[in-house]
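Q: Take this structure first; my questions come after.
The values are calculated or read from the model by the stated rules, or taken from the named source; none is laboratory data. All values reported here derive from a predicted model rather than from experimental measurement. Note that each Cβ is placed from the backbone with ideal geometry, even for glycine, and that neighbours are counted across all protein chains shown. All accessible areas refer to the heavy atoms of the entire protein, side chains included, with ligands and DNA or RNA removed. Shrake-Rupley method; radii C 1.70, N 1.55, O 1.52, S 1.80 Å.
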There are 2 protein chains.
Amino acid sequence: MKRLEELSNQKRSYATGDYLYRSGDRFKSLHAIRSGSFKTRVLHEDGREQVTGFLMAGEIIGLEAISTDVHTCEALAMEDSEVCELPYAKLAELSREIPSLQRHLYKIMSREIVRDQGIMLLLGSMRAEERLAAFLLNLSQRNATHGMSATQLRLRMSRLEIGSYLGLKLETVSRAFSHFQDEGLIQVKARAVDIVALSRLREMVGK
Amino acid sequence: MKRLEELSNQKRSYATGDYLYRSGDRFKSLHAIRSGSFKTRVLHEDGREQVTGFLMAGEIIGLEAISTDVHTCEALAMEDSEVCELPYAKLAELSREIPSLQRHLYKIMSREIVRDQGIMLLLGSMRAEERLAAFLLNLSQRNATHGMSATQLRLRMSRLEIGSYLGLKLETVSRAFSHFQDEGLIQVKARAVDIVALSRLREMVGK
DNA sequence: GGGCTATTTTGACATATATCAAGTCAAACG
DNA sequence: CGTTTGACTTGATATATGTCAAAATAGCCC
């Protein structure tokens, strides 16, 4: 871990809306988010876009680019954020000397695959409100992991971005929020969401 | 590569419908498909399932399990198939000695992430016929990669399985096939598909 | 080859979500 | 403060896809 810290000499700041990288950029480094949050999205020639992830502190961003040395999606800051740059060449080299680092890297990449497959399940076989419930539960859990409240969420993203992530239109997202509130599942005030009935939300997604 | 071959002493056969692994199985090995094909799917408590991939010869299966040492999805043979077992512990060890193997492993995992994000784009922002077009083009390209025809496809999966993969009902898939045929894009005869207008299919998905 | 079963196609209809269009609200700014 | 601007909510309606049901077809076993 210490040797890893030495590696990441670079710590950089990004303001809301700044790009960490764009589609087509040459890949040089992974980035560890120190504070703040980013969204990643893939673009389609015809202008369509799909948000593929919302990343928070502690998470690693850029793994998709290893395959071709070129970024296939773009990442931008959703708030003022800081990242550590992890030069990939050095990281790979170091992982050869430090087995635990190597194991860790494989696991991180595998975890990303699992995460993506979970989203595929969501997009492929859940209905609008189930998707939103799953989304809120995921945020709740990650919030808790970071020592924050599991029930008081401050969303960093707009309804439009949530919609893109969940494969829904922003109006549908908004309606689902309103409906959840009517049902007493959550309290919504713009981007401040208070989960009132966590267990009932869990039932909605079948767990 | 030679050392890799020594590693995979085990070569095993699977009949149609056999499980390569199930959800919950302890993870020990990756598998390289030698011949045949497999599908992977994730299951939801309530019985819903989502097909997450159709894998062919030359592809590596099981990467998602590295993250937790437990398989989070299941894989089964769509036809009589053969795989090489690649014990993960040995593979990881070997990758420390052989830099090119390590690079290759990272790339394979990254490629899987890119693939999954492509499916997320498809599921989140494409309509039924665009999804099917993208699916056929993907099969076509992989077929070609394996030295087979880019236009004559023999589907190994049912309409139901295609539907699950594309987030559609089987009837919708069937109708899309019929419509493509009416439009002169393809010739369909059950699971034999002949792509007549590859370029027009490409236009449909915007490239 | 004939019958059996699973798969696929097709049709009529239902519905979840998208689309279009106002309206509300809140933060930002002069 | 009043105005502007972008984000969000809500309503009315349209539409893509799902659902249900039946017929056609293909694959399979004896």
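Q: So which residues in region A:18-62 are of a type in the set (A, V, I, L, M), open to solvent by less than 10 Å² (accessible area, probe 1.4 Å) and out of contact with any Leu (no Cβ under 7 Å at 6 or more places or on another chain), if there are any at all? I'd like the intermediate steps shown before the answer.
A: First pass over region A:18-62, keeping only residues of a type in the set (A, V, I, L, M): A:20, A:30, A:32-33, A:42-43, A:51, A:55-57, A:60-61.
Now restrict to residues that are open to solvent by less than 10 Å² (accessible area, probe 1.4 Å): A:30, A:33, A:51, A:61.
The answer is A:Val51, and nothing else.
Q: So which of B:Met109, B:Met126 is within 11 Å of another protein chain (Cβ to nearest Cβ) and in contact with a Ser or Thr (Cβ under 9 Å, 6 or more places away or on another chain)?
A: B:Met109
Q: Does B:Leu137 satisfy the condition of being more than 9 Å from DNA strand C (Cβ to nearest atom), in contact with a helix residue (DSSP H, G or I) (Cβ under 7 Å, 6 or more places away or on another chain) and in a loop (DSSP other than H, G, I, E, B)?
A: No, not satisfied.
Q: Checking A:Ser81 against (1) closer than 20 Å to A:Val173 by Cβ; (2) of a type in the set (Gly, Ala, Ser); (3) away from chain B (no Cβ under 13 Å), which single condition isn't satisfied?
A: Evaluating A:Ser81 over (1) closer than 20 Å to A:Val173 by Cβ; (2) of a type in the set (Gly, Ala, Ser); (3) away from chain B (no Cβ under 13 Å) leaves (1) as the failure.
Q: Enumerate the pairs (first residue in region B:31-46 and free of Cβ contacts under 8 Å to residues at least 24 places away in the same chain; second residue anywhere and buried (at least 16 other Cβ atoms within 10 Å of the Cβ)) with beta-carbon separation below 7 Å, excluding pairs fewer than 6 apart on the same chain, so at least 6 apart or on different chains.
A: B:His44/A:Leu121
Q: A further question follows. Search region A:58-70 for residues that are within 10 Å of another protein chain (Cβ to nearest Cβ) and pair each with any residue that is buried (at least 22 other Cβ atoms within 10 Å of the Cβ) and in a strand (DSSP E or B) when their beta-carbon atoms are under 6 Å apart and the residues are at least 6 apart or on different chains.
A: That search, which allows pairs on different chains as well, returns A:Gly62/A:His31.
Q: Could you list, in sequence order, the residues of region B:149-168 that are near DNA strand C (Cβ under 8 Å from one of its atoms) and assigned to a loop (DSSP other than H, G, I, E, B)?
A: Correct list: B:Leu155, B:Met157, B:Ser158.
Q: Hey, another quick one. Looking at (1) more than 16 Å from DNA strand C (Cβ to nearest atom); (2) more than 25 Å from A:Val196 (Cβ to Cβ); (3) open to solvent by 10 Å² or more (accessible area, probe 1.4 Å), find the lone condition where A:Ser125 falls short.
A: (1)
Q: Going by the structure shown, is A:Gly147 within 14 Å of chain B (Cβ to nearest Cβ) and away from DNA strand D (no atom under 13 Å from the Cβ)? Before you say what the answer is, go through the steps one by one.
A: Numbers: within 14 Å of chain B (Cβ to nearest Cβ): no; away from DNA strand D (no atom under 13 Å from the Cβ): yes.
The answer is no for A:Gly147.
Q: Continuing with this model, one more query. Could you list, in sequence order, the residues of region A:169-195 that are of a type in the set (Asp, Glu) and within 11 Å of DNA strand C (Cβ to nearest atom)?
A: Within region A:169-195, A:Glu171 is the sole residue that qualifies.
Q: Any chance you could count how many residues in region B:155-207 are within 9 Å of DNA strand D (Cβ to nearest atom), buried (at least 19 other Cβ atoms within 10 Å of the Cβ) and away from chain A (no Cβ under 14 Å)?
A: So the count comes out to 1.
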